[in-house]
Amino acid sequence: MTDKRIPFNWPYMTGKELHYIADCHHHGQLAGDGPYTQRCHGWLEQHTGCAKGLLTHSGTAALELAALLLDFAPGDEVIMPSYTFVSTANAFVLRGVVPVFVDIRADTLNLDERLIEAAITPRTRAIVPVHYAGVACDMHNIMTLAQRHGLKVVEDAAHGAMARYRGRSLGSIGDVGAYSFHETKNLISGEGGALLVNDQTLTSRAEIIREKGTDRSRFFRGEVDKYTWQEAGSSLLPGELIAAFLWAQLEEAEHITRRRLEIWQRYYQLLAPLEQAGMVRRPIVPADCDHNGHMFYVLLAPALDRQRVLAECRRQNVSVVFHYVPLHSSPAGRHYGRTHGELTVTDTLSERLIRLPLWVGLSPAQQEKIVAVLTMAVGSTN
């Protein structure tokens, strides 16, 4: 960065990425499922406890693999929050499944587990909790509810790598979980993702579907003498260059997480006066959640004009942004999905949320400037 602008995100490099990519080139291994992919799979399984970790070319692809794996069919329903990225719904809409949008909690902005049961119908097949900002949903009650009604649980843990709920890795609690390694996430590969398969009975089919519907993975392990088309699938694995880049990140996952948490905590301290003045609300992290410093957001006081605050911050060369437009209010959301109950919290808080820059390398001086600019912007629009 050569200008004075503080960007919202800046991809962190460990210094080993290009070395590992060159190693792939040197050994002539560019297609997927090579040595670096296998290392990443092993890391996912060791660090999360999942039965099978499978890299995909995006977090979106991981969710699409989940929808294929769980045999969702047209007319089925899945319950999810509206306050999420479009991929959460798209993966199921592609299978003809209806997303049923339920309101979020006011504290964590996660799916409100108290509202799920009333949204269940005879067509409901799954619950899709989204761990917003790397802070876990109430997975105890969600899993209990799912078991009582015979539903699958697909964790959208796109924000959740290295975060935990009651000691368990996000993405490893439901039947399957999805990670994203997009460049805006904590651990990155440019584009990329992973499916965590936690139900042992699904691991073989997950491999097959991911590999174009073939048992190619078994062939390369020497378990069959040739591989053939087994069922409908797609090409959902990333190339080896992506896996090599990701491996450099996974090796430094503890360090990256620790640095992000330090930056997150500094924001939390710096913004205490603004919260005490009633101008913003800082994030709330329940006691049973160990988050990963993925995101720092504030909720503006209802009387404040968010667009004016954003504009003033940008004028001062600080790149702050809002987040999702709720899916239920989008054209596709209205067409493909439906809402259950009033989504009052979703509608209200989505209009008040501002995300602050957070990336490894953001200095204390930059954070102080960001908070000073935000404080000035809030004061000027009050």
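When Thr37, Thr14 are checked against the criterion of being touching a helix residue (DSSP H, G or I) at 6+ places or on another chain (Cβ under 6 Å) and part of a loop (DSSP other than H, G, I, E, B), a single residue qualifies: Thr14. Among the numbered conditions (1) among the aromatic types (Phe, Trp, Tyr); (2) closer than 27 Å to Leu356 by Cα; (3) in contact with a strand residue (DSSP E or B) (Cβ under 7 Å, 6 or more places away or on another chain), the only one that Phe72 does not meet is (2).
Here the condition is being modelled with pLDDT of 95 or more, more than 30 Å from Gly42 (Cα to Cα) and either small (Gly, Ala, Ser) or not assigned by TED's automatic domain parsing to the domain that holds Ala377 (or both); of Ala311, Ala253, Ala248, it holds for Ala311 alone.
Which ones in segment 191-205 are farther than 11 Å from Ala51 by Cα and part of a helix (DSSP H, G or I)? Once the filter is applied, which keeps residues that are farther than 11 Å from Ala51 by Cα and part of a helix (DSSP H, G or I), segment 191-205 yields only Arg205. Looking at segment 326-335, is at least one residue in contact with a helix residue (DSSP H, G or I) (Cβ under 6 Å, 6 or more places away or on another chain) and farther than 30 Å from Leu115 by Cα? No, there is no match, as no residue in segment 326-335 is in contact with a helix residue (DSSP H, G or I) (Cβ under 6 Å, 6 or more places away or on another chain) and farther than 30 Å from Leu115 by Cα. Would you confirm whether or not segment 41-52 contains a residue that is crowded, with 18+ Cβ neighbours inside 10 Å and within 21 Å of Ala232 (Cβ to Cβ)? Yes, because at least one residue in segment 41-52 is crowded, with 18+ Cβ neighbours inside 10 Å and within 21 Å of Ala232 (Cβ to Cβ). Put simply, of Glu262, Glu251 the only residue that is under 22 Å from Gly59 (Cβ atoms) and more than 19 Å from the chain's Cα centre (by Cα) is Glu251.
The residues in segment 340-382 that are at pLDDT below 95 and within 21 Å of the chain's Cα centre (by Cα) can be counted, and the count is 0.
Residues in segment 73-85 include none that are β-branched (Val, Ile, Thr), touching a helix residue (DSSP H, G or I) at 6+ places or on another chain (Cβ under 9 Å), surrounded by 19 or more Cβ atoms within 10 Å (Cβ to Cβ) and not assigned by TED's automatic domain parsing to the domain that holds Val130. Of Ala89, Ala106, Ala62, all but one fail to be in the same structural domain as Ala161 (by TED's automatic domain parsing), within 16 Å of Leu236 (Cα to Cα), in contact (Cβ under 8 Å) with a residue 40 or more places away in the chain and among the hydrophobic types (A, V, I, L, M, F, W, C); the exception is Ala62. For segment 345-364, the condition holds for no residue, the condition being that it is buried (at least 18 other Cβ atoms within 10 Å of the Cβ), touching a helix residue (DSSP H, G or I) at 6+ places or on another chain (Cβ under 6 Å) and either polar (S, T, N, Q) or under 23 Å from Arg114 (Cα atoms) (or both).
Among the residues of segment 131-152, are any polar (S, T, N, Q) and under 24 Å from Leu349 (Cβ atoms)? Yes: one or more hits. Quick check, is Asp33 modelled with pLDDT under 95 and not assigned by TED's automatic domain parsing to the domain that holds Ala243? So Asp33 does not fit the description; no. Within segment 29-47, the set of residues being of a type outside the set (A, V, I, L, M, F, W, C) and touching a Gly at 6+ places or on another chain (Cβ under 6 Å) comprises Gly32, His41, Glu45.
The values are calculated or read from the model by the stated rules, or taken from the named source; none is laboratory data. Predicted model only: the values in this text are computed from it and were never measured. No Cβ is skipped: glycine too gets one built from the backbone with ideal geometry, and neighbour counts run over all protein chains shown.
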